[in-house]
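Here's the structure, in structure tokens; my notes come after.
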Amino acid sequence: MSSGAGPSHGAGGGWTRRRFVGALAGAAAITAVPACATPRADPAVTAPLPKAPPAGPSASASTSASAATPSSPAPASGPRRLFLGTYTSGDGGGKGIGVASYDAVTGAVTGGGVVPGVDNPSFLAAHPDGRTLYAVDEQTPGAVTAVRLPGNEVLGSRSTGGSGPCHLSVHPSGRWLLSANYASGSVAVHPLDASGALGERTDLVTHTSPAPGPGQQGPHAHQFVTAPDGGHLLAVDLGTDTVYSYRLDETRGTLTEVSRARTRPGAGPRHLTFHPGGGYAYLANEADNTVTVCGYDPATGRLSVGEPQSTGTGSGTSYPAQLLVTPNGSYAFLANRGHNSLTRYAIEADGARLRLLDTVPVDGDFPRHIAFSPDGRLLFAANQRSSTVTVFRVDQESGGLRSAGEPFASPLAVCALPL
């Protein structure tokens with residue numbers, strides 16, 4: 001385990017992930033996977049590991065800012081809260097964490113307020129008890145901030161020990177906050193007290209090996225989440241083409257690496273999400289425009305990466321952003337920046353295969369983040385370049401998507417967290 005922050009390339013130092021993605025578009029080493037221009041069904045890709053026994057209670061809520069649970073209760077009536085991440089330092093950016101409401105049945109988004117005092121809150125997550133909101137401060141030096149709900153009181157911030165934090169999640173125990181520093185390639189752990197407030201960082205691990213992949217200058221930790229078994233934490237690093245598995249000492253808040261899984265060179269893994277069964281996961285690869293099915297062994301924390309699969313976006317420029325899996329484990333959705341679409345996959349063989357169904361226009365520009373409502377019946381897409389949030393109703397049987405109305409305007413929308 002190595003400690004200490006890497007090179008300083010956070011948003012406050014002139015480096016942004018927007019510029020990084022733009023640079024990727026012109027990199028000769030990166031090519032899109034050929035696919036038909038029109039939607040079609042691709043051959044399914046099977047994970048290399050046999051299916052593991054179902055894990056215990058799913059902790060997949062920490063795999064995204066808002067992940068659905070295995071069951072789909074009927075939607076609650078009346079307005080619910082919607083928080084929106086943004087960049088405050090960019091042209092046309094926000095003034096803090098955006099606040100709105102949505103109708104849990106129709107998906108209509110209304111209102112508009114802000115939680116001020118948080119710089120570049122580009123990713124959000126909620127505590128399992130729903131009483132505290134957390135945001136990254138994507139800048140140099142990086143930080144994480146806690147906000148008490150429902151009064152939107154900022155409880156304070158803590159340093160992440162690195163630069164450009166871009167993702168965070170809450171451990172299912174509710175006692176630890178996990179964050180990923182993109183620019184310095186490190187992951188951090190903070191304790192949470194009974195009020196949800198942040199304590200001083202208990203660990204920081206920098207990804208010093210393997211060497212960066214093609215076109216990369218260093219490690220770029222992009223996601224840090226808890227596996228459904230609850231016993232392992234997985235860190236997805238775009239710069240090293242690696243997913244690192246750790247064990248968390250829940251007494252001291254320290255990390256011990258137990259396994260590494262390599263993608264093919266230049267894949268640029270960005271986001272991982274688990275099937276509800278716990279034995280498989282799906283990986284979105286930003287740099288080479290692919291997805292892969294991964295086998296997962298909850299006993300060891302070992303992830304085994306399968307063969308790359310098409311996103312269905314054709315030969316144009318497109319960067320996969322995030323994957324979601326429906327609560328019943330039957331369908332997966334992938335957000336595609338550049339192609340400005342959502343790819344739909346059917347999940348087969350109890351999670352071991354993805355079969356491409358089609359792509360659906362997202363009605364926005366550069367869908368950076370997607371999230372389900374708590375019941376899984378609505379899908380929200382935060383579109384960075386169009387500064388909008390689009391909402392879809394999700395058919396629970398077919399996985400079909402239907403627009404819930406006109407996009408909602410939100411400055412530089414890069415994350416949507418419906419509660």
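Looking at this structure, is Thr160 buried (at least 24 other Cβ atoms within 10 Å of the Cβ), touching a residue at least 12 places away in the same chain (Cβ under 8 Å), farther than 19 Å from Glu138 by Cα and touching a strand residue (DSSP E or B) at 6+ places or on another chain (Cβ under 8 Å)?
Details: buried (at least 24 other Cβ atoms within 10 Å of the Cβ): yes; touching a residue at least 12 places away in the same chain (Cβ under 8 Å): yes; farther than 19 Å from Glu138 by Cα: no; touching a strand residue (DSSP E or B) at 6+ places or on another chain (Cβ under 8 Å): yes.
Taking the combined requirement at face value, the residue does not satisfy it.
Within the stretch 251-305, restricting attention to residues that are among the basic types (Lys, Arg) and within 14 Å of Asp237 (Cα to Cα), which residue is nearest to the chain's Cα centre (by Cα)?
Within the stretch 251-305, the first condition is being among the basic types (Lys, Arg), and the residues that meet it are 252, 260, 262, 264, 270, 302.
With within 14 Å of Asp237 (Cα to Cα) added as a condition, the list becomes 260, 262, 264, 270.
Details: Arg260: 19, Arg262: 19, Arg264: 21, Arg270: 8 Å.
Checking each candidate, the answer is Arg270.
Among Leu283, Leu234, which is in contact with a Cys (Cβ under 8 Å, 6 or more places away or on another chain) and within 22 Å of Pro210 (Cβ to Cβ)?
Values: Leu234 fails: in contact with a Cys (Cβ under 8 Å, 6 or more places away or on another chain).
Every option except Leu283 fails the conditions.
Take the residues in the stretch 382-409 that are hydroxyl-bearing (Ser, Thr, Tyr), assigned to a loop (DSSP other than H, G, I, E, B) and modelled with pLDDT of 95 or more; name whichever of them is surrounded by the fewest Cβ atoms within 10 Å (Cβ to Cβ). Let's see the steps before the verdict.
At the first step, the residues of the stretch 382-409 found to be hydroxyl-bearing (Ser, Thr, Tyr) are 386-388, 390, 398, 403.
Going one step further and asking which of them are assigned to a loop (DSSP other than H, G, I, E, B), we end up with 386-387, 398.
With modelled with pLDDT of 95 or more added as a condition, the list becomes 386-387.
Numbers: Ser386: 20, Ser387: 22.
Once the filter is applied, the top-ranked residue is Ser386.
Which of the numbered conditions does Gly277 fail, given that it passes all the others? Conditions: (1) touching a residue at least 40 places away in the same chain (Cβ under 8 Å); (2) open to solvent by 10 Å² or more (accessible area, probe 1.4 Å); (3) farther than 17 Å from Val225 by Cβ.
Looking at each condition in turn, Gly277 falls short on (3).
Look through the stretch 92-108, keep the residues that are over 29 Å from Gln139 (Cα atoms) and not small (Gly, Ala, Ser), and return whichever of them is surrounded by the most Cβ atoms within 10 Å (Cβ to Cβ).
From the stretch 92-108, those over 29 Å from Gln139 (Cα atoms) are 102-108; that's our starting set.
Okay, now just the ones that are also not small (Gly, Ala, Ser), so 102-103, 105-106.
Details: Tyr102: 25, Asp103: 18, Val105: 15, Thr106: 13.
Restricting to residues being over 29 Å from Gln139 (Cα atoms) and not small (Gly, Ala, Ser), the top hit is Tyr102.
Would you call Leu238 open to solvent by less than 10 Å² (accessible area, probe 1.4 Å), touching a Lys or Arg at 6+ places or on another chain (Cβ under 6 Å) and within 25 Å of Glu138 (Cα to Cα)? Let's see the steps before the verdict.
On the way: open to solvent by less than 10 Å² (accessible area, probe 1.4 Å): yes; touching a Lys or Arg at 6+ places or on another chain (Cβ under 6 Å): yes; within 25 Å of Glu138 (Cα to Cα): yes.
Judged against the criteria, Leu238 is a match.
Conditions tested, residue by residue: (1) open to solvent by less than 10 Å² (accessible area, probe 1.4 Å); (2) closer than 23 Å to Thr242 by Cβ; (3) in a strand (DSSP E or B); (4) modelled with pLDDT of 95 or more.
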| residue | (1), (2), (3), (4) |
| --- | --- |
| Val305 | no, yes, yes, yes |
| Gly314 | yes, no, no, no |
| Phe333 | yes, no, yes, yes |
| Gly364 | no, no, no, yes |
| His369 | yes, yes, yes, yes |
| Phe380 | yes, no, yes, yes |
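Could you check the stretch 57-91 and list, in sequence order, the residues that are at pLDDT 85 or above and open to solvent by 20 Å² or more (accessible area, probe 1.4 Å)? Give the steps one after another, and end with the answer.
To start, the set of residues in the stretch 57-91 that are at pLDDT 85 or above comprises 79-89.
Matches in the stretch 57-91: Pro79, Arg80, Arg81, Thr88, Ser89.
Could you please find all residues in the stretch 246-266 being over 20 Å from Pro212 (Cβ atoms) and either open to solvent by 70 Å² or more (accessible area, probe 1.4 Å) or free of Cβ contacts under 8 Å to residues at least 12 places away in the same chain (or both)?
Residues satisfying the conditions are Arg247, Asp249, Glu250, Thr251, Arg252, Thr256.
Within the stretch 345-370, count every residue that is touching a residue at least 60 places away in the same chain (Cβ under 8 Å) and of a type in the set (Lys, Arg).
2
Out of everything in the stretch 207-235 that is within 16 Å of Thr160 (Cβ to Cβ) and not aliphatic (A, V, I, L, M), what residue ends up being surrounded by the fewest Cβ atoms within 10 Å (Cβ to Cβ)?
The extreme case among them is His222.
Quick test of your reading of the structure: Leu323 fulfils all but one of (1) out of contact with any His (no Cβ under 7 Å at 6 or more places or on another chain); (2) buried (at least 24 other Cβ atoms within 10 Å of the Cβ). Name the failing condition by number.
Condition not satisfied by Leu323: (1).
Just give me the residues in the stretch 350-362 being open to solvent by less than 50 Å² (accessible area, probe 1.4 Å) and either among the small types (Gly, Ala, Ser) or more than 16 Å from Asn383 (Cβ to Cβ) (or both), in sequence order. Talk me through it step by step, then tell me what you get.
Here is the first cut: in the stretch 350-362, the residues open to solvent by less than 50 Å² (accessible area, probe 1.4 Å) are 351-352, 354, 356-360, 362.
If the condition is that a residue be open to solvent by less than 50 Å² (accessible area, probe 1.4 Å) and either among the small types (Gly, Ala, Ser) or more than 16 Å from Asn383 (Cβ to Cβ) (or both), then Gly351, Ala352, Leu354, Leu356, Leu357, Asp358 are the ones that fit.
The values are calculated or read from the model by the stated rules, or taken from the named source; none is laboratory data. It should be emphasised that the depicted structure is a prediction, and the values quoted were computed from it without experimental measurement. Using ideal geometry, Cβ is built from the backbone for each residue, glycine included, and neighbour counts are taken over all protein chains shown. Quick note on the areas: whole protein, heavy atoms, side chains included, nothing else; ligands and nucleic acids left out. Shrake-Rupley method; radii C 1.70, N 1.55, O 1.52, S 1.80 Å.
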